[in-house]
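Asks: Before we start, here is the structure in question, set down as structure tokens.
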Amino acid sequence: MLCFPNAKINLGLNIVRKRDDGYHDIETIFYPIGLCDALEIVPFYGDRTESLLFTPSGIDVGGDIDKNLAVKAYHLLSQYCHLPKVDMFLHKHIPFGAGLGGGSSDAAFALKMLNELSDARLSEKQLEDIASKLGADCPFFIQNKPVFASGIGNVFEPIDFCLQDYYLVLIKPDIFVSTPEAYARVKPSVPDVSLKDIIQMPIKEWKDKMLNNFELSVFSKFPAINEIKNNLYNVGAVYASMSGSGSSVFGIFDSLPEGVEELFSNCFVWKGQLKSNF
């Protein structure tokens, strides 16, 4: 079985409060985009000891393979149902440390495929509950539709919202932003206007209303990321923002601009039409 786990962007991100457990409550809108990895899972019927063999390619996943979220998804799901021995191939295209949820998407898609391969017939709700044990935004990719997210990013409320008439340009510079450090430099506050209300406004009004609370502290430390956002507006974006805690920045356009590859020649660049779901 072959699938293409896609990334997401954050339309606005408000850090509402710091919790007693050290985490933060947030409000954001997760929106799926067409930037994808490729994940193939093939049952293995021969004789071997290992239940799972994992083969990565593309962007170097690095580190301990057992900590890869797609691998962890296999071992976690095996606690709930019998899984066949499999070979798992992951071609990584979604950049790391970009606020795009690539690893979470790989894990969620692995759960969905393994659910089919095992004939476990777990419901979407059951898969979401299992995915939540892998990471706060993993459950989002089970249904993979735009949602208003609250809590620590794990409480989802469906929204009737679509950007399918617009185009996206995504820029990821070679800059690493520490998520814990980004949270530590933000002062939590409850927004005056809910993101659920802002997205009902014309998109051209979002610029001064829909905010990512991480931008102030991240831009002060990494002005090059702020420059990317400004350049996206300069080439015609109707709205631009950093996604998550960075370091990727996206611009939403009425039509795809020309020359963005040259303008951002030292960055990862992806562009495509927006959809509502996958």
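The values are calculated or read from the model by the stated rules, or taken from the named source; none is laboratory data. Everything numeric here is computed off the predicted structure, so don't read it as measured data. Every residue, glycine among them, receives a Cβ derived from its backbone with ideal geometry; neighbour counts consider all protein chains shown. SASA here: full protein model, heavy atoms, side chains in, ligands and nucleic acids out. Shrake-Rupley method; radii C 1.70, N 1.55, O 1.52, S 1.80 Å.
Asks: What residue, of 90, 53, is open to solvent by 30 Å² or more (accessible area, probe 1.4 Å) and in a strand (DSSP E or B)? Give the steps one after another, and end with the answer.
Replies: Values: 90 fails: open to solvent by 30 Å² or more (accessible area, probe 1.4 Å).
After ruling out the rest, the residue left standing is 53.
Asks: What is the residue count in segment 148-180 for residues that are part of a loop (DSSP other than H, G, I, E, B) and either open to solvent by less than 60 Å² (accessible area, probe 1.4 Å) or under 22 Å from residue 238 (Cβ atoms) (or both)?
Replies: From segment 148-180, those part of a loop (DSSP other than H, G, I, E, B) are 151-154, 159-166, 173-178; that's our starting set.
Among the residues that remain, those that are also either open to solvent by less than 60 Å² (accessible area, probe 1.4 Å) or under 22 Å from residue 238 (Cβ atoms) (or both) are: 151-153, 159-166, 173, 175, 177-178.
Qualifying residue count for the region: 15.
Asks: Has segment 185-197 got at least one residue that is surrounded by 15 or more Cβ atoms within 10 Å (Cβ to Cβ), among the hydroxyl-bearing types (Ser, Thr, Tyr), out of contact with any Phe, Trp or Tyr (no Cβ under 7 Å at 6 or more places or on another chain) and within 24 Å of residue 151 (Cβ to Cβ)?
Replies: Scanning segment 185-197 turns up no residue that is surrounded by 15 or more Cβ atoms within 10 Å (Cβ to Cβ), among the hydroxyl-bearing types (Ser, Thr, Tyr), out of contact with any Phe, Trp or Tyr (no Cβ under 7 Å at 6 or more places or on another chain) and within 24 Å of residue 151 (Cβ to Cβ).
Asks: Confirm whether residue 100 is assigned to a loop (DSSP other than H, G, I, E, B), in contact (Cβ under 8 Å) with a residue 24 or more places away in the chain and surrounded by 20 or more Cβ atoms within 10 Å (Cβ to Cβ).
Replies: Details: assigned to a loop (DSSP other than H, G, I, E, B): yes; in contact (Cβ under 8 Å) with a residue 24 or more places away in the chain: yes; surrounded by 20 or more Cβ atoms within 10 Å (Cβ to Cβ): yes.
Yes, satisfied.
Asks: Here are some residues: 47, 66. Which one is assigned to a helix (DSSP H, G or I) and more than 19 Å from residue 270 (Cα to Cα)? Lay out the reasoning, then the answer.
Replies: Working: 47 fails: assigned to a helix (DSSP H, G or I).
Sole residue among the options that is assigned to a helix (DSSP H, G or I) and more than 19 Å from residue 270 (Cα to Cα): 66.
Asks: Next question. Using beta carbons and a limit of 8 Å, which pairs, at least six apart or on different chains, have the first residue in segment 206-218 and surrounded by fewer than 20 Cβ atoms within 10 Å (Cβ to Cβ) and the second one charged (D, E, K, R)?
Replies: Pairs that qualify, where the first residue is surrounded by fewer than 20 Cβ atoms within 10 Å (Cβ to Cβ) and the partner is charged (D, E, K, R), are 217/185.
Asks: If you don't mind, there's one more thing I want to ask. Filter segment 256-278 down to the residues that are within 16 Å of residue 222 (Cβ to Cβ) and open to solvent by 40 Å² or more (accessible area, probe 1.4 Å) and list them by number. Steps first, answer last, please.
Replies: Taking segment 256-278 and keeping what is within 16 Å of residue 222 (Cβ to Cβ), we get 264, 266-268.
Answer for segment 256-278, where residues must be within 16 Å of residue 222 (Cβ to Cβ) and open to solvent by 40 Å² or more (accessible area, probe 1.4 Å): 266, 268.
Asks: Right, another one. For residue 142, which of the numbered conditions (1) under 18 Å from the mean Cα position of the chain (by Cα); (2) at pLDDT below 95; (3) of a type outside the set (Lys, Arg); (4) farther than 22 Å from residue 172 by Cα fails to hold?
Replies: Exception for residue 142: condition (2).
Asks: Additional query: Going by the conditions given, is residue 26 modelled with pLDDT under 95, closer than 26 Å to residue 278 by Cα, part of a strand (DSSP E or B) and of a type in the set (A, V, I, L, M, F, W, C)?
Replies: Details: modelled with pLDDT under 95: yes; closer than 26 Å to residue 278 by Cα: yes; part of a strand (DSSP E or B): yes; of a type in the set (A, V, I, L, M, F, W, C): yes.
Yes.
Asks: Mind listing whichever residues of segment 168-186 are in contact (Cβ under 8 Å) with a residue 12 or more places away in the chain and over 19 Å from the mean Cα position of the chain (by Cα)?
Replies: Residues satisfying the conditions are 185, 186.
Asks: Sticking with this one: Would you call residue 42 over 17 Å from residue 112 (Cβ atoms), surrounded by fewer than 21 Cβ atoms within 10 Å (Cβ to Cβ) and among the hydrophobic types (A, V, I, L, M, F, W, C)? Explain how you work it out, then say what you get.
Replies: Working: over 17 Å from residue 112 (Cβ atoms): no; surrounded by fewer than 21 Cβ atoms within 10 Å (Cβ to Cβ): yes; among the hydrophobic types (A, V, I, L, M, F, W, C): yes.
Answer is no for this residue.
Asks: Please specify each residue of segment 239-255 satisfying the condition of being open to solvent by less than 10 Å² (accessible area, probe 1.4 Å), of a type outside the set (Val, Ile, Thr) and either outside any loop (DSSP other than H, G, I, E, B) or more than 16 Å from residue 94 (Cα to Cα) (or both). Spell out the reasoning first.
Replies: We begin by selecting, within segment 239-255, every residue open to solvent by less than 10 Å² (accessible area, probe 1.4 Å); these are 239-244, 246-253.
From what is left, the residues that are of a type outside the set (Val, Ile, Thr) are 239-244, 246-248, 250-251, 253.
Within segment 239-255, 239, 240, 241, 242, 250, 251, 253 qualify.
Asks: Here's something else I'd like to know. What number goes with the only condition from (1) in contact with an Asp or Glu (Cβ under 8 Å, 6 or more places away or on another chain); (2) under 17 Å from residue 269 (Cβ atoms) that residue 240 does not pass?
Replies: (1)
Asks: Hey, can you tell me all the residues within segment 237-255 that are more than 16 Å from residue 203 (Cβ to Cβ) and at pLDDT 95 or above? First the steps, then the outcome.
Replies: Within segment 237-255, the first condition is being more than 16 Å from residue 203 (Cβ to Cβ), and the residues that meet it are 242-249.
Within segment 237-255, 242, 243, 248, 249 qualify.
Asks: Can I ask one more? Being among the small types (Gly, Ala, Ser) and either in a helix (DSSP H, G or I) or open to solvent by 30 Å² or more (accessible area, probe 1.4 Å) (or both) is the filter here; which residues of segment 118-136 pass it? Give the steps one after another, and end with the answer.
Replies: Just the residues of segment 118-136 that are among the small types (Gly, Ala, Ser), to begin with: 118, 120, 123, 131-132, 135-136.
Within segment 118-136, 118, 120, 123, 131, 132, 136 qualify.
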